[in-house]
Amino acid sequence: MDLIEARDKVNKLLVKYETAKYQYETEKNALKSLKQTKEYVEQAQQIAQQIAQQIQQQAHNKIINVVNKCLETVFEGDYGFKINFERKRGRTEANLILLKNGNEIEDALNEDSGGVVEIAAFALRLSCLLLSKPNLQKVLILDEPFKNVSLRNIEKVRLLLENLSKDFNVQFIIVTHLEALQIGKIIKL
């Protein structure tokens, strides 16, 4: 009987061994598969980050070009605009910076002309319209715009609006009392 009991114990241990061996192989193959999947995910993440960076750069260039074109047209090169991108907590933050004669303006709302800020803000709104996906109807409604722009620069603003309308195929609807900005089809109320 001792031999039979010993044989049963050995057989039970062999079954446990084969089961453990099978589980080990299964887990080993699953780990290998997970490692491969992890590599694919990391590669996909790198591709997605590269694409996002390219799209961000294209949007950046478009915004910078529109804002600088507007500022240059009205203020003849005294002002510029740039965007600094900063990665924080897994997100990209954009810092919008106005420049005067190549120097950063710390607090544009309080340190400089409201007209400059108004032109830059207008250009940013226009950039958003131009970059929107899906493409929106290119209509921008402006209520009493450019009231902080000096009267000597209003004619430049009028020319800017006419050029932007042609260059970007944008329609501007302007509610204003300034006769210099009453261009195109005029409806008086």
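Are any residues in the stretch 140-161 touching a helix residue (DSSP H, G or I) at 6+ places or on another chain (Cβ under 8 Å) and among the β-branched types (V, I, T), and if so, which ones?
Those that are touching a helix residue (DSSP H, G or I) at 6+ places or on another chain (Cβ under 8 Å) and among the β-branched types (V, I, T): V149, I154, V157.
Are any of the residues in the stretch 117-132 over 17 Å from I64 (Cβ atoms) and at pLDDT below 90?
Yes, because at least one residue in the stretch 117-132 is over 17 Å from I64 (Cβ atoms) and at pLDDT below 90.
Report yes if some residue within the stretch 115-125 is in a strand (DSSP E or B) and over 30 Å from I55 (Cβ atoms); otherwise report no.
To start, the set of residues in the stretch 115-125 that are in a strand (DSSP E or B) comprises none.
Looking through the stretch 115-125, none of the residues is in a strand (DSSP E or B) and over 30 Å from I55 (Cβ atoms).
Each row is one residue, and each column tells you yes or no for (1) exposed (fewer than 12 other Cβ atoms within 10 Å of the Cβ); (2) in contact with a Phe, Trp or Tyr (Cβ under 9 Å, 6 or more places away or on another chain).
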position: A120; (1), (2): no, yes
position: S127; (1), (2): no, no
position: S132; (1), (2): yes, no
position: I141; (1), (2): yes, yes
position: P145; (1), (2): no, yes
position: N148; (1), (2): no, no
position: N153; (1), (2): no, yes
position: H177; (1), (2): yes, no
position: K188; (1), (2): yes, no
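Take the stretch 169-189 and flag every residue that is over 12 Å from P145 (Cβ atoms), touching a Lys or Arg at 6+ places or on another chain (Cβ under 7 Å) and not in a loop (DSSP other than H, G, I, E, B).
Q171
K147 versus (1) charged (D, E, K, R); (2) under 22 Å from K100 (Cα atoms); (3) not in a loop (DSSP other than H, G, I, E, B): which is the lone unmet condition?
K147 satisfies every listed condition except (3).
Between a first residue in the stretch 144-166 that is at positive phi and a second residue that is among the acidic types (D, E) and modelled with pLDDT of 90 or more, which pairs have beta carbons less than 6 Å apart while being 6 or more apart in sequence or on different chains?
Qualifying pairs under 6 Å: F146/E118.
Among F81, F85, which is among the aromatic types (F, W, Y) and either over 21 Å from I154 (Cα atoms) or assigned to a loop (DSSP other than H, G, I, E, B) (or both)? It would help to see each step written out before you state the result.
Working: F81 fails: either over 21 Å from I154 (Cα atoms) or assigned to a loop (DSSP other than H, G, I, E, B) (or both).
Exactly one residue qualifies, and that residue is F85.
Any idea which residue in the stretch 91-110 is nearest to the chain's Cα centre (by Cα), counting only those that are polar (S, T, N, Q) and exposed (fewer than 11 other Cβ atoms within 10 Å of the Cβ)?
Step one: list which residues in the stretch 91-110 are polar (S, T, N, Q), which gives 92, 95, 101, 103, 110.
Adding the requirement that they be exposed (fewer than 11 other Cβ atoms within 10 Å of the Cβ) leaves 95, 101, 103, 110.
Working: N95: 12, N101: 27, N103: 24, N110: 27 Å.
Out of the qualifying residues, it is N95.
The values are calculated or read from the model by the stated rules, or taken from the named source; none is laboratory data. Keep in mind that this is a model prediction, so the values were computed, not measured. With ideal geometry, Cβ positions are generated from the backbone for all residues, glycine too; neighbour counts draw on all protein chains shown.
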